[in-house]
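Structure record follows, encoded as structure tokens.
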Amino acid sequence: MGWKISFCPNTNFRTMFQVRPSQFELECRHTIRSHGRQLARDHKLDWLILLLLVVIEIALNVIDPFYRFVGEGMMEDLKYPMKENTVPIWAVPLYAVLLPMTVFFLYYLRRNDVYDLHHSVLGLLFSVLITGVLTDAIKDAVGRPRPDFFYRCFPDGRDEYDRWGNVVCHGDPADIKEGHKSFPSGHTSWSFAGLGFLALYLSAKIKCFDRSGHVAKLCIVFLPILAACLVAVSRVDDYWHHWQDVFAGGILGLVVATFCYLQFFPPPYQNEGWGPYAYFRAVEGLRSNSLPPDATSMLGTNQQPASTSADPAFEDMESGRK
């Protein structure tokens, strides 16, 4: 038997008044054109906080990190050669932000669900920016030397120390500044923040945890995680980070991605994990607006209990069997 990936699941909303499901289910009706502006207006505070996070991130990259004491005896693990980045810094936003956004937009083209598009983009941006701020704040506070710190500090290979045994660097100030930003790895934390969010998103959309036993679906979910792991490995291979740096960065990015995802979407293993919370709230709102004016009073009274309980059709509707 083959396995099927469903990207537009059928909802099961019904009412006890036997109204046709199409009247209560939004399906693909709430689009960018119809509800996008109102949705963005409702979340304007979230977007303003994102701008604040961008400003904080820029400031953390401008200020100098803590210049930790580096003695001659510590140089044994800091004499690796300086290498270029296998994954350049400009490529990080491409695969950690633009790639997931492309997936979100392709799903929107299929389903036309503005709630899914807006909240997935908002959650992703929060994930990477919160991760970036945490990462750079820790970098500046810790000031751990990179594995290639010796040649950043002494490009000519001739080391020099003061009377306390601390290094007296004569290299490029920009290289020295960057050499004190080893822990945690920014490439790694951003990669796991963006691609980890994408992995959670995909696991929900393809119903990875629907208990049908299709393990092959996990291959799709693990692809973004594998890409993030390869980026982390490249940071160690390039001698820009110690293994502890990339391990901490990966955990940090994945934890933040999980928290941000769960702010907008149910856990992927739940039956309604395929859609954002806002979608189901909108469905409930549509259903409430479609109820007859006296529906609440009718449901709240205990008149004619015998006929109500004796009516099997009504019991079927209440239990969701019709």
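Laid out as a table, the results:
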| item | result |
| --- | --- |
| Test result for L218, aliphatic (A, V, I, L, M) and at pLDDT below 95 | yes |
| Subset of the range 120-161 [under 30 Å from L39 (Cβ atoms) and small (G, A, S)] | S120, G123, S127, G132 |
| In the range 82-117, residue nearest to the chain's Cα centre (by Cα) [restricted to those that are in a loop (DSSP other than H, G, I, E, B) and exposed (fewer than 11 other Cβ atoms within 10 Å of the Cβ)] | P88 |
| Count of residues meeting criterion [in a loop (DSSP other than H, G, I, E, B) and touching a residue at least 60 places away in the same chain (Cβ under 8 Å)] in the range 165-202 | 7 |
| The range 128-146, residues that are crowded, with 21+ Cβ neighbours inside 10 Å and in a loop (DSSP other than H, G, I, E, B) | R144, P145, R146 |
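The values are calculated or read from the model by the stated rules, or taken from the named source; none is laboratory data. Note that this is a predicted model, so its numbers are computed, not measured. Note: ideal-geometry Cβ built from the backbone for every residue, glycine included; neighbour counts use all protein chains shown.
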